[in-house]
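Submitted below is the structure of interest, expressed as C-alpha cells.
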Amino acid sequence: MKIMSRSKLAKEKVQKIQAGFSAFAETHEVTDLIRKEIKNMGLDVIEEKTEHGSWFIPKKRA
C-alpha cells in the first residue's frame, strides 16, 4: 500500500480548486492544510462541511 503525504495531498487538492474543480477532504488535518493554502493564495472558495468531511467549491470557475 502506498502512503501519501497529507501536505502533498492538500496541495494537489488546492491545484484542482485553482483549476475550477471542487475538492473533498475527509480528515481534519487535510482540511486545515487546504484552508491554510486557500487563505495564503487568496482564493474565493465556498466550504461545505458534512459529517464525512468538507467540500471546497471555487466560487469562480476557471
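Every number in this text was worked out from the coordinates using simple rules, so none of it is lab data. Quantities reported herein were computed from a predicted structural model and do not represent experimental measurements. Because the Cβ atoms are built from the backbone with ideal geometry, glycine has one as well, and the counts that use them run over all protein chains shown.
Considering the Cα positions of the chain, please state its Rg to one decimal place and its Dmax as a whole number of Å.
11.1, 36
Tell me the label-point distance for the pair residue 59, residue 29, using the 7 Å Cα-to-Cβ offset, in nm and rounded to one decimal.
In this crude spin-label approximation the distance works out to 3.1 nm.
Right, something else. Roughly what angle does helix 6-18 make with the longest principal axis of the chain, taking Cα atoms, 0 to 90 degrees, to the nearest 10?
20
Assign unit charges at the C-beta atoms only (+1 for Lys and Arg, -1 for Asp and Glu), then state the dipole size of the chain relative to its Cα centre in Debye, rounded to the nearest 20.
The calculated dipole for the chain is roughly 280 debye.
Separate question: At 0.36 nm per residue, and after removing the present C-alpha to C-alpha distance, how many nm does the segment from residue 22 to residue 8 gain when stretched out fully?
Details: separation 14, 0.36 × 14 = 5.04 nm, distance 1.70 nm.
Additional length available on full extension: 3.3 nm.
Let me ask something else about it. Straight-line reach from residue 2: which lysines have a Cα under 25 Å away, not including same-chain ones fewer than 8 places off?
Hits, sequence-local ones excluded: 11, 13, 16.
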